[in-house]
1. Filter the stretch 18-28 down to the residues that are assigned to a helix (DSSP H, G or I) and in contact (Cβ under 8 Å) with a residue 60 or more places away in the chain, then identify the one that is farthest from Asp43 (Cα to Cα).
2. So which of Asp160, Asp119, Asp146 ends up being closer than 18 Å to Leu88 by Cβ and surrounded by fewer than 19 Cβ atoms within 10 Å (Cβ to Cβ)?
3. Six or more apart or on different chains, Cβ under 9 Å: which pairs go from a residue in the stretch 42-53 that's within 16 Å of Gly103 (Cα to Cα) to one that's part of a strand (DSSP E or B) and among the aromatic types (Phe, Trp, Tyr)? Could you list them?
4. Can you find, within the stretch 57-86, the residue that is farthest from the ligand (Cβ to nearest atom) among those that are free of Cβ contacts under 8 Å to residues at least 60 places away in the same chain and under 14 Å from the mean Cα position of the chain (by Cα)?
5. What's the total number of residues in the stretch 18-44 that are buried (at least 24 other Cβ atoms within 10 Å of the Cβ) and within 16 Å of the ligand (Cβ to nearest atom)?
6. Looking at this structure, is Gly104 more than 14 Å from the ligand (Cβ to nearest atom) and not aromatic (Phe, Trp, Tyr)?
7. How many residues does the stretch 132-181 contain that are away from the ligand (no atom under 16 Å from the Cβ), part of a strand (DSSP E or B) and touching a helix residue (DSSP H, G or I) at 6+ places or on another chain (Cβ under 6 Å)?
8. In this structure, is Phe191 within 19 Å of Tyr79 (Cβ to Cβ), of a type outside the set (A, V, I, L, M) and touching a strand residue (DSSP E or B) at 6+ places or on another chain (Cβ under 6 Å)?
Amino acid sequence: MTSSPLIGVLALQGDVREHIRSLESVGARAVAVRDLPTLAHVDGLVIPGGESTTMSKLAILDGFLEPLRAARGAGLPMYGSCAGMIMLADRVTDARPDQETIGGLDVTVRRNAFGRQVDSFEADVVMPVLGEEPFRAVFIRAPLVDAVGPEVEVLARVGDDGTIVAVRQGHVLATAFHPELTGDHRVHEVFVQMVRKQA
Ligand code: GLN
């Protein structure tokens, strides 16, 4: 592939523009994905933060759900932040009854897991794939990963109980936090490398 892959950001709902900016700052070309022809042209796809129940509803209504599942099944690299992580999980606790996901990560995530008092917080997260320097991570009504299957790589944990907040399984990457809202683009860099490798 050329040195600059084209990465889509699913634009059903959520913080699309922030991801586009982060991807561009690490040298990728980025495009909002609002229709299926655009989806068919991208080398990788970001599922942004936002609200997973709304995203699920719109994905079903707009006929995106099956094409997204098929693209992921065919090996399209995907990265989900926060609500995007929920969309990529095979199992969701505290989901709405009709909530669907794209799946791809053999994990169980719990929505809004950090509770009311800590709706939003920041934490220094050690994430060895990013190098030694901790990542200042922003969590907003974030999910956590309750259980992971044997094929899942745990990339980061927070807190004394070692809560899992970043995972990867093959070509699917997810973080419970929002790197797109910070000036630190190392997570996007890792994803762009995954896309380059796959193409
Ligand atoms: N709580 C949201 C959900 O369940 C996720 C929040 C976020 O993406 N910042 O989808």
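1. It comes out as Glu18.
2. So the residue among Asp160, Asp119, Asp146 that is closer than 18 Å to Leu88 by Cβ and surrounded by fewer than 19 Cβ atoms within 10 Å (Cβ to Cβ) is Asp146.
3. Gly44/Tyr79; Leu45/Tyr79; Val46/Tyr79; Ile47/Tyr79
4. Looking at residues that are free of Cβ contacts under 8 Å to residues at least 60 places away in the same chain and under 14 Å from the mean Cα position of the chain (by Cα), I get Leu68.
5. Number satisfying all stated conditions: 2.
6. Taking the combined requirement at face value, the residue satisfies it.
7. 2
8. Yes, satisfied.
Just so you know, all these numbers are worked out from the coordinates, no wet-lab data involved. Bear in mind that the values here come from a model prediction, so they are computed numbers and not experimental data. Every residue, glycine as well, gets a Cβ built from its backbone with ideal geometry; the counts of neighbours run over all protein chains shown.
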